[in-house]
Amino acid sequence: MTTQRVAIIGLGLIGGSVGLATQAMLPQIAVTGWDADPDVRRRAAERGLVTTVCDTAEDAVRDAELVILCVPVGAMEGAARAIAHALPQNAVVSDVGSSKRSVAEGLARALPGVTIIPAHPVAGTEKSGPDAGFSELFRHRWCIVTPPEGAPPEALQRVSDFWEGLGAKVEVMEAGHHDLVLAVTSHIPHLIAYTIVGTASDLEDVTRGEVIKYSAGGFRDFTRIAASDPTMWRDVFLSNRDAVLEVLGRFTEDLTALQRAIRNGDGDTLFDLFERTRAIRRSIIEEGQDDARPDFGRSDH
Ligand code: NAP
């Protein structure tokens, strides 16, 4: 199924990257876009994030075959309502939200009778806004598509083809399973980063200046993650509440076991865990999902 007209609602990091990647890799597609923030719309036009930046959400979607909602998870349902009456008959609506079950429920409430194929490109950076996007963001990254039961196969194909056209590798998954997997691989790591950086800056006996001055590898990497967009991450934790709480329960138990091992001088337990986790790091490098260079290749830039 060839797509010729795509509309993007929300022109920040992800929406802007989708727009740039489409123009670079699928130049036959005309991309319209809209963002609720007039400053973002102006900047999007200056950077050419989409072919046409429209003045209203309705104008952006009026002729679209595929609409991709790229707003924070908590704004998805409202953004869908705003386009409901302007959507063409056969348009497929998708999104890029980091949690899938509650977003799918919200989109279904807002768009009764519309074909909805939710998706999540597992690619991003800690930056946000219309200046943060770049066309290569999705290349060789996974895009998880979570079609509801009974979704038309041609609509799933349209969304999958689109992401593959942007260089992503597509995987189809049930929404609840997506939420559990992402709670483990993304949401809890962000929560830990927010916690550790917050704790460090709250420690009474250590000054803020010392935390910044002596920030060694481990802590510095946490600060990068903890600099991620506050709106986006607030929404992710609220919308993926059940999966996050389930994984957090497990994590807390494991942390308590490590606390006990340290208190008891049980080096074997510590060593065994660290050896196991090192093997996981090796697998991630082997699968090309990260960079093995010292300092994650940062010094090369
Ligand atoms: P972003 O850079 O902050 O962009 C979101 C844009 O949407 C902002 O310009 C925002 O404007 C606008 N917006 C908010 N509500 C809107 C509405 N109702 N209608 C139209 N525009 C609206 O955020 P992002 O990082 O691109 O994230 C967008 C989505 O991608 C989120 O659902 C997130 O979960 C998902 N995602 C993010 C990453 C990542 O690493 N960042 C990775 C994969 C998926 P204001 O700023 O004025 O509110």
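Values as computed for the structure displayed
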| item | result |
| --- | --- |
| Leading residue by the ranking (nearest to Ser94 (Cα to Cα)) among those in the stretch 128-144 that are open to solvent by 50 Å² or more (accessible area, probe 1.4 Å) and within 11 Å of the ligand (Cβ to nearest atom) | Trp142 |
| Of the criteria (1) within 13 Å of the ligand (Cβ to nearest atom); (2) within 14 Å of Gly129 (Cβ to Cβ); (3) not β-branched (Val, Ile, Thr), which one Glu46 fails | (1) |
| Qualifying position, being free of Cβ contacts under 8 Å to residues at least 12 places away in the same chain, farther than 25 Å from His177 by Cα, of a type in the set (Gly, Ala, Ser) and in a loop (DSSP other than H, G, I, E, B), among Ala292, Ala261 | Ala292 |
| Among residues of the stretch 44-74, those that are buried (at least 20 other Cβ atoms within 10 Å of the Cβ) and either without any contact (Cβ under 8 Å) to a residue 12 or more places away in the chain or under 17 Å from the mean Cα position of the chain (by Cα) (or both), counted | 6 |
| Criterion violated by Gln157 - all others in (1) surrounded by 15 or more Cβ atoms within 10 Å (Cβ to Cβ); (2) of a type outside the set (Gly, Ala, Ser); (3) at pLDDT 95 or above satisfied | (1) |
| Residue in the stretch 194-217 that is within 16 Å of the ligand (Cβ to nearest atom) and within 20 Å of the chain's Cα centre (by Cα) present | yes |
| Restricting the stretch 97-127 to residues that are open to solvent by 10 Å² or more (accessible area, probe 1.4 Å) and hydroxyl-bearing (Ser, Thr, Tyr), the residue that is nearest to Cys70 (Cα to Cα) | Ser98 |
| Single residue of the stretch 222-253 satisfying the filter (of a type in the set (Val, Ile, Thr) and within 12 Å of the ligand (Cβ to nearest atom)) that is surrounded by the most Cβ atoms within 10 Å (Cβ to Cβ) | Val236 |
| Selection from the stretch 80-105 of residues that are closer than 23 Å to Val170 by Cβ and assigned to a helix (DSSP H, G or I) | Ala80, Arg101, Ser102, Val103, Ala104, Glu105 |
| Selection within the stretch 160-194 - closer than 14 Å to Val247 by Cβ and either assigned to a loop (DSSP other than H, G, I, E, B) or open to solvent by 70 Å² or more (accessible area, probe 1.4 Å) (or both) | His177, Val184, Thr185 |
| Subset tally (residues that are open to solvent by 100 Å² or more (accessible area, probe 1.4 Å) and part of a helix (DSSP H, G or I)) for the stretch 264-279 | 6 |
| Residue within the stretch 155-177 that is in the same structural domain as Phe222 (by TED's automatic domain parsing) and hydroxyl-bearing (Ser, Thr, Tyr) present | no |
| Filtered residues of the stretch 41-58 (kept if part of a helix (DSSP H, G or I), over 27 Å from Gln157 (Cβ atoms) and touching a strand residue (DSSP E or B) at 6+ places or on another chain (Cβ under 7 Å)) | Arg41, Ala44, Ala45 |
| Residue list for the stretch 195-209, restricted to those being part of a helix (DSSP H, G or I) and either open to solvent by less than 70 Å² (accessible area, probe 1.4 Å) or without any contact (Cβ under 8 Å) to a residue 12 or more places away in the chain (or both) | Thr195, Val197, Gly198, Thr199, Ala200, Ser201, Asp202, Arg208, Gly209 |
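The values are calculated or read from the model by the stated rules, or taken from the named source; none is laboratory data. All values reported here derive from a predicted model rather than from experimental measurement. Neighbour counts run over all protein chains shown; Cβ positions are idealised from the backbone, glycine included. In case anyone asks, the SASA skips ligands and DNA or RNA and just uses the protein heavy atoms, side chains included. Shrake-Rupley method; radii C 1.70, N 1.55, O 1.52, S 1.80 Å.
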